[in-house]
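A quick write-up on the structure given underneath.
The values are calculated or read from the model by the stated rules, or taken from the named source; none is laboratory data. Just so you know, these numbers come straight off a predicted model, no measurement behind them. Here the Cβ is made from the backbone with ideal geometry for all residues, glycine too, and neighbour counts use every protein chain on show.
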Amino acid sequence: MILLFDCPELKEELEKEKEQNRKLKRTLQAHMKQNEKLKGTDVEKVDQDLKSTEVAQIKHKVNQDYMGIFEFKSGMEGTIAKHLIVDLKPKVAQTLLPGLPAYILFMCLRYTDHINDENRLRAFLVPTISGIKKVVKKRQNDLDTMVLWLTNTSRLTNCLRQYSGEKNFQSENTPKQNSQCLRHFDLNEYRNILNDVCVWVFMGMLKLIQERVQNMIVPGVLENEAIAGLSGPPVGSRTHASSVGGEDEVALDPRQAMALLLRELDFLYETFDSYGMDPQLVPCIFQQLFYFICAVSLNNLLLRKNLCHWSKGLQIRYNLSSLEDWGRSRKMNGEVLDSLKPVIQASQLLQAKKSDENVAAICEMCNKLTPAQINKLLMLYTPADEYEEKVAPSFIRKVQSELARTRGDATSASPGPMQTTLLMDTKFTYAIRFPFTPSSIRLEDIELPSALRLNFLNKI
């Protein structure tokens, strides 16, 4: 046997192997520590991320000055109307820039003007207008839909005014907005058509909100006794409210009706605001609604003798003051509150002292009531208790004479219709005018949300 110490070459080789073994152990320990740090990491995911990083595109930034135009291919007009009008859910629209559908429609319209193609313009406007009519007619009982398309149709009409190039609509435009005015087409006739659509939607929405408040008016305004301690002849209970101006409805508790009516007004106001309705249009709606409340209240008062006494006049006036306070809190103009005056004056007439020396003052105070209405209320008036005297026939004749003297002879052969009118017309509407309200929105900043599914439009 050959001993190791007898072979220096083998001994040296062994030492080298031992040293190499120590190095490998140190390397292994280092890898084990690194593995502990990476424990729990998805290696495959890291590998995929590295691969995707290798193929990621590098885009060059472009300082592009957008024109505020959406380009679209010929034949896509119906698809635009379907996605942007017919299929648009009101709750989705509430999450978008107020009036965004109108701005997008106008920017598409600008493209047809930009390329000076009258046929493309007509092909775009026809399905747009018919789409609005279709969705409003289909969902005429949905308040959100009515508000959405009244808001956007009026905004589209205002865009056609603001960017028409007409001087009277340019006073608040920026130089950029003036440069974006229509260059080739005069769309005044289409503005009139869209304005007619606005009126049609307005009337449909008004009918809807009148129906929403109909059964709250009589119990809330006439029957609610909010002032404690006042008592008069019993009003009586009803299982159904057969109020003048609407169909029979299940009666509400008078103690809750006014609060419900005020909550409904709040809801309507907040709904209009959530869709970005023109702030100048909102008071017009409430003026019409307050007139309806007044007409229904006064007509029922004129037909219910049990409500015509002093204490009830005080209660009615207090209830009406709640509506006035609501209007003031919402910064409604005087015309809105003035629409309540006829029924306010009726409540004041019930409270007034009915003596000969007050004849002139009563006639002057009731300038929003017709002679027929004043005469009817005086004839219906019932003393609150045995200590109050009945209205003397001589007093009624003196009031009639004073009214004939100050307003014209109501007893003549052909008295004017306003003199003899007893019931207010619940279907009356004030002249509907849609004010011009320019927008400060920059068309070039408008982007297309994915929710609208309009990725086939190209912003240029």
Only one of 322, 355, 311, 297 is at pLDDT below 95 and either surrounded by 15 or more Cβ atoms within 10 Å (Cβ to Cβ) or of a type in the set (Phe, Trp, Tyr) (or both). Can you tell me which? 311
Please work out if residue 369 is out of contact with any helix residue (DSSP H, G or I) (no Cβ under 7 Å at 6 or more places or on another chain), part of a loop (DSSP other than H, G, I, E, B) and among the hydrophobic types (A, V, I, L, M, F, W, C). no
Would you say residue 181 is touching a residue at least 12 places away in the same chain (Cβ under 8 Å) and in a helix (DSSP H, G or I)? no
Which condition from (1) surrounded by 14 or more Cβ atoms within 10 Å (Cβ to Cβ); (2) in a loop (DSSP other than H, G, I, E, B) is the one that residue 400 breaks? (2)
Matching residues in region 327-356 (closer than 30 Å to residue 383 by Cα, touching a residue at least 24 places away in the same chain (Cβ under 8 Å) and among the charged types (D, E, K, R)) number 3
Kindly evaluate residue 360 against the criterion of being at pLDDT below 95 and either assigned to a helix (DSSP H, G or I) or outside the structural domain of residue 173 (by TED's automatic domain parsing) (or both). no
Apart from one, (1) at pLDDT below 95; (2) polar (S, T, N, Q); (3) within 30 Å of residue 192 (Cβ to Cβ) all hold for residue 339; the odd one out is (1)
Just give me the residues in region 91-127 being hydroxyl-bearing (Ser, Thr, Tyr) and over 19 Å from residue 451 (Cα atoms), in sequence order. 111, 112
In region 247-264, how many residues are modelled with pLDDT under 85 and either touching a Lys or Arg at 6+ places or on another chain (Cβ under 9 Å) or in a strand (DSSP E or B) (or both)? 3
